[in-house]
Structure formats: structure tokens, C-alpha cells
1. If you project the alpha carbons of segment 112-156 onto the principal axes, what extent comes out on each, in Å, largest first?
2. Among 131, 113, 54, rank each residue by its count of other Cβ atoms within 10 Å, from fewest to most, as a rough exposure measure.
3. Work out, in µm²/s and without decimals, the Stokes-Einstein translational diffusion coefficient of the chain at 10 °C, 1.306 mPa s, Rh from Kirkwood over C-alpha pairs.
4. Can you give the angle from 0 to 90° between the axis of helix 12-25 and the longest principal axis of the chain, with both taken from C-alpha atoms, to the nearest 10?
5. Using Cα springs under 10 Å in a Gaussian network model of the chain, which residue among 92, 101, 132 shows the largest mean-square fluctuation?
6. Let me check against my output: what whole-number percent is the relative contact order of the chain, with C-alpha pairs under 8 Å and at least 6 apart?
């Protein structure tokens, strides 16, 4: 493998495709790729939050039924090595109010996530908020149910 480090590198999309293929067949790779993606986008997450996000993506129990703490620690060691290979340092803060994993020198949210939030906030119309505030709880529930149904239908397509 040492001789393969020199010369043109494969296209990032090609490597990403291989990783996607491996993750589809191997739960360990899938968990680690998911952890890395979550930590790249958002910082300040502790183990319980990270595990919930990964389980939401890959299914409950993806860390195993027994010895899941060991599994999580091994996964995090691999994720730390991957970040280090890319020039980043994954660390853990125990400061009250800021507990969780973070990338040294990086903002709490990835800049693309921050931009998406700013864009969503810019789309808020104060008139719509006033109309929504006048709805009864039953009307709000019905609206939420309709949105959920529409999302499921769109997902099915």
C-alpha cells in the first residue's frame, strides 16, 4: 500500500462509493461512517445523543445488545483516527454546559449547517406565525398530521 500513496489519488466520489458499499454490507463500517458524519456536522454531542442519532439512522440496537459501551468506544477510536488522518483532532469537553465531542478549532456547527439554518430563518414569515398562534390545539395537531402524511407519501415515491 505504501507505493500507492504517490501519484494521482482516486476521485473522492469513487472512494465515497466504496465506503457506501462497505457500509451497506457491514454494520461496523455503517456505524463508524454515521458517527463521523454526525460529528462533522454538529459538535458538542455526548455518547447518549450520538448513539440515539446513529440508531435513528441505522436501527435500534445497531451497537449490539451486550457490551455496547465497548462497541461505542472502539467505534469512537476509529472515528478519531479517521479525523486525525484528515488533519482534525476530535476531543471531548467535560465543561459544564458544553459537554461532548468536538473538533478542535472548528465551530460548533459546520458552516453549511449554519447557512441552512440562516436560510430557514430568513423564510419565516411573521404573518404566518400570527396565524398559527390563533389555531386551536386540535387544528395544530391536524396540521402536523397532514404534514407527516405528506412527507410519508413523498418518501414512498
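1. 35, 33, 11
2. Numbers: 131 10, 113 14, 54 22.
Listing 131, 113, 54 from fewest to most nearby Cβ atoms yields 131, 113, 54.
3. Values: Rh = 19.1 Å.
Roughly 83 µm²/s, to the nearest whole number.
4. Compared with the principal axis, the helix lies near 80 degrees.
5. Largest GNM mean-square fluctuation: 132.
6. Computed over the chain, the figure is 20 percent.
Quick note: the coordinates plus some simple rules give every number you see, no bench work behind them. This is a predicted model, so every value here is computed, not measured. All Cβ positions, glycine included, derive from the backbone under ideal geometry; neighbour counts span all protein chains shown.
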